[in-house]
Every structure is written in C-alpha cells, then in structure tokens.
1. Return the Cα extents of the stretch A:10-68 along principal axes one, two and three, sorted largest first, each rounded to a whole Å.
2. If you take the accessible area of A alone, add that of B alone, and subtract the area of the pair, what total do you get in Å², probe 1.4 Å, to the nearest 100?
3. Could you report the accessible area of A:M344 in Å², rounded to 10, computed with a 1.4 Å probe on the protein chains as they sit in the structure?
4. What whole-number volume per residue, in cubic angstrom, does the convex hull of the C-alpha atoms of the protein assembly as shown give?
5. Kindly tabulate the residues in the stretch A:369-391 with an accessible-area decrease of at least 10 Å² between the chain alone and the assembly of all protein chains, using a probe of 1.4 Å.
6. Determine the share of the protein assembly as shown's accessible area contributed by carbon and sulfur atoms, expressed in whole percent, with a 1.4 angstrom probe.
7. Translational D (Stokes-Einstein, µm²/s) of the stretch A:23-262 at 20 °C and 1.002 mPa s when Rh comes from the Kirkwood sum over C-alpha pairs?
8. With contacts defined as alpha carbon pairs under 8 Å and 6 or more residues apart, what's the relative contact order of chain B in percent?
Amino acid sequence: MMGDDVLKRNVYLDYSATTPVKKEVFEAMVPYYTENFGNPSSIYRYGREAKSVVDKSREIIAGTINASTNEIYFCAGGSEADNWALKGIAEANANKGKHIITSKIEHHAVLHSCEYLETRGFEVTYLDVDEYGMVDLNDLKNAIRKDTILISIMYVNNEVGTVQPIAEIGKIAKENGIYFHTDAVQSYGHIKIDVEKLGVDLMTISSHKIYGPKGVGALYIRKGTKINQFIHGGAQERSMRAGTENLAAIAGFGKAASIADETLDEHRTRLIALRDKMINEISSRIGHVKLNGHPTERHPGNVNFCFEFIEGESLLLLLDNQGIAASSGSACTSGSLDPSHVLMALGLPHEIAHGSLRLTIGDFTTEEDVDYTVEKLVGIVEKLREISPLH
Amino acid sequence: MYSEKVMDHFMNPRNVGEIENADGVGEVGNPQCGDIMKIFLKIENDIIVDAKFKTFGCGSAIASSSMATELIKGKSIDEVVSLTNRAVVEALDGLPPKKVHCSVLAEDAIKVALMDYAKKNNLNIKGLENFKVREHEH
C-alpha cells in the first residue's frame, strides 16, 4: 500500500485551514520585531513609527473592502472577530430584541457564540441549507421577527466552499432594520468584496488565510453600529478592543491584504483552472464519488468529495504517507461521533459523510501537484475499497 | 498520534480479504458510526487455521483488524475466547483513548464469528454463553 515513493512530492492542499506566509509578507514583518518594535501608544519616535504601520495596514485593508479606516478594528483573528460581532451586538441591542438568525453551516466560532448567547436569554434560529449548502432567502424572510436584532451568515463555507448570496441577504436585513454580520474569512482575498454593495454592517476577516501571519484578524464595523466593546482596557482600537497591538502581525496582515487585492484576478483565474481540473479528473477517474458544495457558486480553490465505502481518516493518513496534506469531515477526524455539522446539514447520510475529503488549492499549488494528487488518490481509494466490506 | 505498530498494520494490513466457505463469519459496527468490521475464520480441530478481514473505518480500525487476525491465527478456540481488546491494544503498542473502541470492535467481531461457527456446528463454546456485542462509544 506504500506505493512508489521514488517520485514522492510534498503537496500542501489545505489552504482553507491556513496558508504559508509569503516571503514579501514575512520581510515586511521582521523590522517590527527587531528595530521598529515600539508601542504604538508611545509618544516618542519608536511609538510613532509603530503607530504609522498600524495606520497604514488599516488603510490598506479598509481600501480593499471599500470601507473607511475607522471602520476596521484589528483583533486576534477570525474566531475573536466572530465572538465580538455576535456577543457585542447581542449585548448592546438586547433592549430592542433577543432574536438572532444564523445558519446551520456556520463556523463554530459563530455557532458556539450563538449557543452561549442562548444561555444568556437570547433565541437563535438556525436556518437550513439546501443540498449544495445554500441558504434559502425565503426561509430567511420567514425567520425574521419583530425582535430580531442580528443576522449572521457566512460568506463562503470553509468546508464545502459554497458562496452565499450575501448582497441579497444584506438587502433583506436592511429592509427590516436588522444588523447583518458575515464571516468572510474564506472569501476575503478570493472574492472582490465591497461592503457598500453587500450591505453588511459587520464583517470578519483573517490574515492567515491570505498568506499573512496567524494571530491577527479584523472586524469591520459599519459607522454608527451599536456594539459593545470586546476587551476592556486601554484606548487601542478606539477603545473597543484594548491591548497593545500585535504590531508585526498587523504589518504582515496589511502587506498580505495588499498583495491579495492587487493579484485577485490572476489568483482567481489560476485557482479556478486548477480546481476545475481536479474536480473533473476525480469525477471521471473514480467511481461512486459525490462533489460536495455548489457546482458553480464555489470558493475558487475548494474541492470537496465524498468517496463511498471508505472512511476519511484512512484516506488522510494514506495521502499523508504520499506527502499530500488534506482534511476531512469524518467523525474520526472531528473527534466526535458525528461527521461534520456542515455535511450533515447538506443532508448527506452518515456513511457517505464519513468518506469526505477536502482539498483546498492555493497560490503555491501547481498543475503537477494536482496531477500527482489525483494519481495517488485513485490508487488509495481503490486500495481502501478493497479492504472495505461495503464495497 | 498513532504508534509505529499501528501505522505499520494500517499501511500494510495483514490478512485482508474473505475466506470462501468460512467456518465462522462475524460482522460488527455500523456505517453510521463510521466503522464496520467483518471477520472470517477457518477452523480445523478447534484451531483457527486462517483468519481474514474486511473493514470500513479509520486507521486504527484497520490496524486493529489486522493485528487481531494476526493474534488469533494458529490459536485454539479456548485461547481466542480469552483474548480481549486489551491484548490487541498492547500488541499495537497502544491506541489513542478515543480509538480504543476500534479494538473492542475487533474482539467482538472475532467472538461473533466464533458464535457463528458454534451455531453452524451445534456447539457450545465455553466462555461465550453470555456474550453480547457491546454498544460502542467513540
């Protein structure tokens, strides 16, 4: 089962989990650890230099989404931004109502924040999605109540890559005077975002999904939005999120955002070509497979399949043995009894969902990587099916 | 997360396949939980002369099936009845706590195969009188 190791490659296909830091990004960060290490709150030169890079990154990021600089709040990452959006809006608007609408396929940072809010007296409606992972706008309209204060629907699903109709949802939210938050961690840097056109009031973005460092992200908060501060302390981030800024990471995030914005079109074209090649080859060369997610409204780098009769963890281990890094929504990899909540929400039977494989393509993926992966996958699936009593 | 032994038995599983006209066949687990183990036994004069398996499941489920079939080959029925999942875990140099249930499945699949053998031959196997497949938890 080991296969031919002579031509073994290292192929990273988990860009939706995290990305490597691009060299230019890393270089832009280094001085803020070693030379310009000052505290941005300090008045002397070191502090001013530090503050200027924070301002510059904020300006770059605001520019990439058509926001103003004072609508961008840096924080420690996507999970924090999601927690802040949900809890901050809920607490600040509880006098208006205690109902929140979200979907069943959100990231756990949103779902678990909602579950927490349920213990604090809030009510949450979790919208179903269709077999492609798409939220139904009529379901959304029907779920709206007089006391609904927030709608939180992710832009692009992290597992199956489905792109939601965010602008339409934004319109519905606006018509009903409800705040709208979107977790855009998987779309920022992959889809051109304009917060005005989308009509979002809050948006979560993260650095380490766009070739920036881990540990930094941002929450876009539309001017005038009523939201509570998240970390109490100093006056950083307009007193909304206290704590000395993660200076070098913010410098890196800004650089990564600027590269992503400048290269968006070529990045998308390249990824989509590789993605479609991979989807077509897997579909045509392996039987009893099912593409998860939407056929067209899809993250440019997301490939997600279920392979019948086999289990995801076995698949990952054998791929890893061939140098290929991927992920799965099987129970054995999620550490619980059930396969991922996303695959369940798509209506997949348990036994099919156990055999899921997510391959996410990024800027350093080559056509050779795709060919190699498909080649190895064909053999691995065949081998596991030979062992399987279901086949 | 897995020992070298587990990885070896997962990557190069021993005794994969089916035995035609097996003397005993045992299948446990269900596709909902993500593991199914099917064990085939060839028994002559109370000795397990051959054992094969087919498994749908994670790395440790496949490794447990492989190791369990290795452990019982050449053993007498009495010896196999007293074999517990512990022995499988030990032979694999341990399993992560969440994966111990895979070794339980292997023990149960073998015992179900022995019961099948007993039933087909109108035998009573000592030690299996009160055997029941365990509800397993992940």
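1. Principal axes ranked by extent give 47, 32, 16 Å for the Cα atoms.
2. Roughly 2000 Å².
3. 50 Å²
4. 168 Å³
5. A:L384, A:E386, A:I387, A:S388, A:P389, A:L390
6. That share works out to 49 percent.
7. D, rounded to a whole number, is 118 µm²/s.
8. 28 percent
The values are calculated or read from the model by the stated rules, or taken from the named source; none is laboratory data. What you are looking at is a predicted structure, and each value in this text was computed from that prediction instead of being measured. FYI the Cβ positions are ideal-geometry reconstructions off the backbone, even for glycines, and counts take in every protein chain you see. The area values use the complete protein model at the heavy-atom level, side chains included, leaving out ligands, DNA and RNA. Shrake-Rupley method; radii C 1.70, N 1.55, O 1.52, S 1.80 Å.
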